[in-house]
Amino acid sequence: MLNFTSIYYFIFFIIVELVYFKIADRFNIIDKPNHRSSHTSVTIRGGGVIFPLSVLAYSLINGFHQVYFVIGLLAIATISFLDDVLTLNNKVRLSIHLTSVVLLFFQWNLFNLSWYWILIALIFVIATINAYNFMDGINGITGGYSLLAIATLYYINQTIVNFTDNELLIIVALALLVFNLFNFRTKAKCFAGDVGSVSIAFIIVFFIGQLILTTQNLSYILLLLVYGTDTAFTVFFRKIRGENIFEAHRSHFYQYLSNQLKLSHILVSCIYIFVQLLINLLLIKFALTDTLHSVSLLALFVGVYLMLRFKMEGSQKLLTPNAS
């Protein structure tokens, strides 16, 4: 429930973001557009630093009750911020990522479970972090999509099953609202940067992991179905075309919509958010109590997604080397 404490947090996050803008401007922490970019103007990078700072602020005030999660988040946020500024060696970055994931598993008490649960969790965490990083390419998409995820998790926590701290969900949502004030617009004041996309992915993964472990229901993975599908099939198509999947590109469907079809960033972001909202509503209404319904929802969305991509982009562009 929103109260005066929430208002204080909101104001504090605005101040933190504005102070960061001054620091970023002073030290030239900016994003310069190139031929792979979906934006055309120089913009402050790293505005998503507010996400890990929101969790840190909550922890400082309420006590470090989830110490492994907080340490893992701060570690992965720090290395991601340094990568935004300096471009670090991949081995250094990946080692910190892996350490943060291990800390997250300790927070979940995952090492008490069978090995296959650890493998499933590892795939889920790594895939989600990478998906968020890949999908953070146009104004509004990361902030808006993540706010929907947090709002849905708050609703589930309130009305279906209590799996985490409501106040922490609200504080992360407030940080996202503040970020969206500066990013969910035609001309963004800032981008999330790796520090933002990686951190919010880590935070959302933490919540969804708590939810899945509490309910023993893997269907909650569908709360990230749109991002997961776009990322998975874009990587798949790039592999078929013989491209290096680790190189920067503009092959995602959202990039096709914004770059080739020239739809506005905000419109494309709203489409992705709205589609995920429909999925969340169907998931909560029909799919949670029946595995068949969950699988049907997954198959339906993937089928529609592939049909749209092949119809709009064409099989030659999607499957033929050098066609994109």
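Scanning for something in a loop (DSSP other than H, G, I, E, B) and in contact (Cβ under 8 Å) with a residue 24 or more places away in the chain, does the stretch 193-216 turn up at least one residue? Checking the stretch 193-216: not a single residue is in a loop (DSSP other than H, G, I, E, B) and in contact (Cβ under 8 Å) with a residue 24 or more places away in the chain. Search the stretch 264-302 for residues being over 26 Å from G137 (Cα atoms), assigned to a helix (DSSP H, G or I) and among the β-branched types (V, I, T), and hand back the single one that is nearest to the chain's Cα centre (by Cα). Only one residue fits best here, namely I284.
Yes/no matrix, rows are residues, columns are (1) under 19 Å from G46 (Cα atoms); (2) of a type in the set (S, T, N, Q); (3) open to solvent by 30 Å² or more (accessible area, probe 1.4 Å):
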| position | (1), (2), (3) |
| --- | --- |
| L74 | yes, no, yes |
| I79 | yes, no, no |
| L119 | no, no, yes |
| N130 | yes, yes, yes |
| G143 | yes, no, no |
| L148 | no, no, no |
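Quick check on L223: is it assigned to a helix (DSSP H, G or I) and under 17 Å from the mean Cα position of the chain (by Cα)? Considered against the rule, which asks whether it is assigned to a helix (DSSP H, G or I) and under 17 Å from the mean Cα position of the chain (by Cα), L223 comes out as yes. Within the option set M307, M312, being open to solvent by 60 Å² or more (accessible area, probe 1.4 Å), touching a residue at least 12 places away in the same chain (Cβ under 8 Å) and under 30 Å from F184 (Cα atoms) holds for one residue only, M312. Could you look through the stretch 226-246, keep only residues that are of a type in the set (A, V, I, L, M) and within 18 Å of the chain's Cα centre (by Cα), and pick out the one that is least open to solvent (accessible area, probe 1.4 Å)? Across the stretch 226-246, the extreme among qualifying residues is V226. When L153, L222 are checked against the criterion of being surrounded by 20 or more Cβ atoms within 10 Å (Cβ to Cβ) and closer than 20 Å to I118 by Cα, a single residue qualifies: L222. Going by the conditions given, is L278 out of contact with any strand residue (DSSP E or B) (no Cβ under 7 Å at 6 or more places or on another chain), free of Cβ contacts under 8 Å to residues at least 12 places away in the same chain and either over 30 Å from N90 (Cα atoms) or β-branched (V, I, T) (or both)? Taking the combined requirement at face value, the residue satisfies it.
Across the stretch 1-12, which residue is modelled with the lowest pLDDT among those that are in a helix (DSSP H, G or I) and either open to solvent by 80 Å² or more (accessible area, probe 1.4 Å) or closer than 18 Å to N180 by Cα (or both)? Here the answer is F4. Of the set (1) farther than 24 Å from I30 by Cβ; (2) more than 15 Å from the chain's Cα centre (by Cα); (3) open to solvent by 20 Å² or more (accessible area, probe 1.4 Å); (4) among the aliphatic types (A, V, I, L, M), all apply to I171 but (3).
One residue stands out among those in the stretch 250-263 that are over 19 Å from T186 (Cα atoms) and open to solvent by less than 30 Å² (accessible area, probe 1.4 Å): the one that is farthest from the chain's Cα centre (by Cα), which is S251.
Considering the stretch 81-94, the residues that are over 15 Å from N28 (Cβ atoms) and assigned to a loop (DSSP other than H, G, I, E, B) include one that is most open to solvent (accessible area, probe 1.4 Å), namely N89. The residues listed here are F106, F179, F163, F134; of these, the one that is assigned to a helix (DSSP H, G or I) and open to solvent by less than 60 Å² (accessible area, probe 1.4 Å) is F179. Can you name the residue in the stretch 13-22 that is open to solvent by 80 Å² or more (accessible area, probe 1.4 Å) and over 23 Å from the mean Cα position of the chain (by Cα) and, of all such residues, is farthest from I50 (Cα to Cα)? By that ranking, first place goes to K22.
The values are calculated or read from the model by the stated rules, or taken from the named source; none is laboratory data. Keep in mind it's a predicted model, so treat the numbers as computed, not measured. All Cβ positions, even for glycine, are placed from backbone atoms using ideal geometry, and neighbour counts span all protein chains on display. These accessible areas exclude ligands, DNA and RNA; they are computed on the full protein's heavy atoms, side chains included. Shrake-Rupley method; radii C 1.70, N 1.55, O 1.52, S 1.80 Å.
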